[in-house]
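To start, the structure under review is shown below, and the notes come after it.
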Amino acid sequence: LMSALKSDCLDRMNDTGDKKSWRNRKDALDEVDAALGKCGGLLSTEGKAFLQLKQLAANLRLRINDSQSNLKPLAASVIGSLLSHLDDTAQAKIGPVVFPALVNAAMNDMKKTMRDAAVSALEFGTDSPKQNGGGTNASSVEAFVLSLESELSDAAIKSSGLPDVLVFLTAKMETLTATNEQEKLSVHRPLAKVIVMSLLSSKSGSRSAAENLLAVCSKNGFVPPSSFDKEIGKLLPAQQRTVRSFIPKMSKQDQELVDTFKKASERPRRPGQMMSSRQTNQVARPNTKTTLQSPRASGHRKSSSIVETDVLPDNPLQMSDRSVKPKGQRLAMLVKGDSWPEYSEEPSSDTIQSLRRAWAVLIPSTSIDVLLPQSGLRTHDDCTDGCDLLSKAIRYSRDNNDSSFLEMLDFIFKWATCAFLLRDHTSGFRKLLSTIRELFERLDELSYAISDGEALILLPYLLDKASVAKLQFKEDILTIFTLVTTKKVYPSQKFGLVCMKVLEKSKSNPSRTLAAELCFDAVRSAGVSAIGRKGLVILSSALNEETVAEAKKVYIDVFEIVVEKLKGDTDKLFSAIKPTEKVKAMIMERCVKQSVAIQGSPRRSPPRKIAPPVGHCSPTGGQEAPTLSSSAVVTGNLRARLQKSKETKLSEELHRLPPSIDTTSAVNPPPTHSPRTTSTDMKYNDIIDDIKFMTTSKACKSTDIVRGTDAIQLLRSFISNNDNNDCTVDHIEKEAFREKIESDYNACVHDVASALKFAFDHGGKNAPLPTALINETVSALTYLLRMRCCRSEMSEKTVEHLVKVTVSALLDERIHINHDIVKATNKVAMRAVTAPKLDVSLNALIRVQVSVIEGNATGERFRLKF
């Protein structure tokens, strides 16, 4: 071939000198393509000819990633033509030079024309030439599999071209099956890795193609089970569980059981042989759900045809008479001698099989086949039959005052844990949560308190699921936790143990944060004993190692409530947990400042008598007025600085106001406002009065808008999480002010939202928008909706008002002049309905719809915005 090309062909093929050099590269490719087109047989591969062909293939490989996109499909086509003119041996040797680049292009290239050209070249490169009889070249397929395995990165698994590559490989494997060439394949390990990794793809097309490839390879023995087991063993536990739903593990013992079953089923039956009593009882009851079967027998759904199954007894969890270990002894063996893993490890397929064998001794075989079928469980939907079975057992227990199922409660919790860890399915997961809640309600009716061993089987995994579940499911799981702790099934005094287990073992940031929040509630309701000294040590270690700011804040919140329960004695806390200097500094920064705010001194142990705050003792009543605390001094200085700066800010603000606003009024504040004091309540009332005066005054002036804007800015500085946001605001003042806002949360949000409505309504539709007021109002609303009390305190009326105000603002044409305001307002609108409880948000949105549909005064004004 090289003798048919010009001597400078390879030089021109690699020419990248200037912008027009792509023409030289294209001419070289066309020259090679034309020479191959004239070849009516096979290319010579003897002596130096083979080395020259290998060098040509290496140069053609570079053009697959050419900067000129129209040359890449041409290069792939030339490579395919070159490989199709080689004998089987040469093709298998030169294929590895170009296969990796072709595989990469077929999976990851942005243009479909290039991906198709790469797949076409791979087809030519794995087919034997016509001169040799055609068919598939097994040696080239092996080289292709090795190249595919080397290029199958995390990005390639998610690529859009992977399904086409897998379909191509499946077709090649079927061809090898037809020609009995499978004994020549020696790359079963790389092929097993390709299948396993493809089954983990997020693309449904890739998973489907991988399943087809798996079926072909398993049917014809291309990949032995041991190769799959070795590759699956390298994955994470969650990934192993996903792949095992496609490739169930078949141990030697299981295979012997299957062989024994096959031999028994093949024995001829005598003509007069009667069916056993168990078989004669296989009569299905019409219109009932008691005839349950394995959810998947061969990877497909249950058919609608009538299938003979064993009828479940009235009590599906009826205990047998066989002797087994009592539950207390089984719980004592957890982790030590039992196969059940310790949190946060997930149960493996071997663990589930052990659970099946142990539980099968206690309950009827029909029940165990429904709960843990031999074909395995893949998604939450596969557990619906098991949920029906447990619900039936709970109803039987309630109707017959039976508590025998308590003896196998550890098995039930283990089954529920395995079910929670399956792949998500909305309706199946909802039914699973409903069944678990029904179970805990029955435990409460029986006045049964679960032990620590039983709790640690299920509750940590349930907490994990709550941290990453959708909002509706998270609400349901938190409701279950509330039921468990308030109904004394597992009281708050002990629930801290579960939280600490998650805090210590979990690698998930959301899980640790949620565990700390639940721990905070447990300590607040049950005291420090809810977590104990060991829990405090775990919390200290977690705070020292934590890198997520949100989680750190919650940890410090827990320590703050602990110090409060210890009556401010931080020495006692530190002597018990022996924290690092870093942890001690963070706790002192939060807790000691709180102590200073209460008593006015830096001592850690609070005195027996605390002086009342300023203003609670009258000088005329014969008592001495108490000295100002450090908090009061800071407040007074803050007010003085703010009042002094207002005149300067007023003159600057007048330039930012729209021309339609009256600016002829005096600079002095209106006399109708009361003077400022150092009390937190008075300070809060002053801010709200300024906002209300701006939004409700019929003759609002420029000074009123400036005062309202300053008030909202001051409010924002008190509730913002950034301590550097306003250096004039002390941390102590922030905490006191936030407590005041929490006590009057809905009214505060309503008033601030009214300021946003005022900003868009003032001056008419054609007036310029007061951007300073809008920015401060949107920022304040954002921080208000981030407060921890928002979820529990926000009412339907407040959500409805906030939705109407923000949506009306977004529908105003003037807002689109400033993209930042649009983006921030949109976030407030979204957070207004996602931050509160789900039922509160839904009811508020329905009320908004009703007001628009009914056409009342409020709804009519809202509808005009459309």
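Express in Å², to the nearest 10, the accessible area of Thr771 obtained by rolling a 1.4 Å probe over the protein heavy atoms while all chains stay in place. So the heavy atoms of Thr771 present about 60 Å² to solvent.
Peptides 122-135, 376-389 ranked from most to least packed by the mean count of surrounding Cβ atoms within 10 Å: 376-389, 122-135.
Compared with the direct C-alpha span, the chain from Ser375 to Gln329 gains 13.5 nm at full extension, assuming 0.36 nm per residue.
Between Asp127 and Asn137, the built amide H atoms are under 5 Å apart, and every one of these is 5 or more places off in sequence or on another chain. Compared with the direct C-alpha span, the chain from Gln131 to Glu445 gains 104.8 nm at full extension, assuming 0.36 nm per residue.
According to the Kirkwood relation over distinct C-alpha pairs, the hydrodynamic radius of region 68-147 is 12.3 Å. Pairs of Lys residues in region 746-866, spaced 8 or more positions apart or belonging to different chains, with C-alpha separations under 20 angstrom: 17 in total. Note on Leu838/Glu739: beta-carbon distance plugged into 1/(1 + (r/R0)^6) with R0 of 35 Å gives a FRET efficiency of 0.85.
Placing dummy labels 7 Å off each Cα toward the beta-carbon, the span from Glu545 to Glu438 is 4.1 nm. For region 393-498, the number of Lys pairs separated by eight or more positions or lying on different chains, with C-alpha atoms closer than 23 Å, is 17.
Among 61-68, 520-527, 142-149, sorting by the average number of other beta carbon atoms lying within 10 angstrom of each residue, highest first, gives 142-149, 520-527, 61-68.
At full extension, Lys582 and Glu854 could sit 91.9 nm farther apart than now, given 0.36 nm per residue minus the alpha carbon distance.
Spacing of the modelled spin labels on Ser529 and Arg322, each 7 Å from Cα toward Cβ, amounts to 4.3 nm.
Taken along the Cα-to-beta-carbon direction at a fixed 7 Å, the label points for His816 and Lys507 span 4.8 nm. In this calculation the C-beta distance from Val167 to Ser697 is compared with R0 = 56 Å, giving a FRET efficiency of 0.20. The eigenvalues of the Cα gyration tensor, multiplied by 5 and square-rooted, give region 70-215 an equivalent ellipsoid with semi-axes of 22, 19, 12 Å from largest to smallest. Our coupling estimate for region 520-532, obtained by passing each phi through the Karplus curve with A = 6.51, B = -1.76, C = 1.60 and θ = phi - 60°, is 4, 5, 5, 5, 5, 8, 10, x, 5, 5, 5, 10, x Hz, Gly and Pro reported as x.
Across region 698-703, rounded Karplus estimates of 3J(HN,Hα) from the backbone phi angles (6.51 cos²θ - 1.76 cosθ + 1.60, θ = phi - 60°) give 6, 10, 6, 10, 4, 5 Hz, Gly and Pro being marked x. Computed from backbone phi with θ = phi - 60° and the Karplus coefficients 6.51, -1.76 and 1.60, the 3J(HN,Hα) list for region 418-432 is 4, 5, 5, 8, 6, 5, 5, 8, 4, 5, x, 5, 4, 5, 4 Hz; x is used for glycine and proline.
What is the local net charge at Ser575, summed over the other residues whose Cβ is closer than 11 Å to its Cβ (Lys, Arg +1; Asp, Glu -1)? Surrounding charge for Ser575 is +1.
The values are calculated or read from the model by the stated rules, or taken from the named source; none is laboratory data. What you see is a predicted model; the values in this text were computed from it and never measured. Don't worry about glycine lacking a Cβ; one is built from the backbone with ideal geometry, like all the others, and counts go over all protein chains shown. Keep in mind that these areas ignore ligands, DNA and RNA; they rest on the heavy atoms of the full protein, side chains included. Shrake-Rupley method; radii C 1.70, N 1.55, O 1.52, S 1.80 Å.
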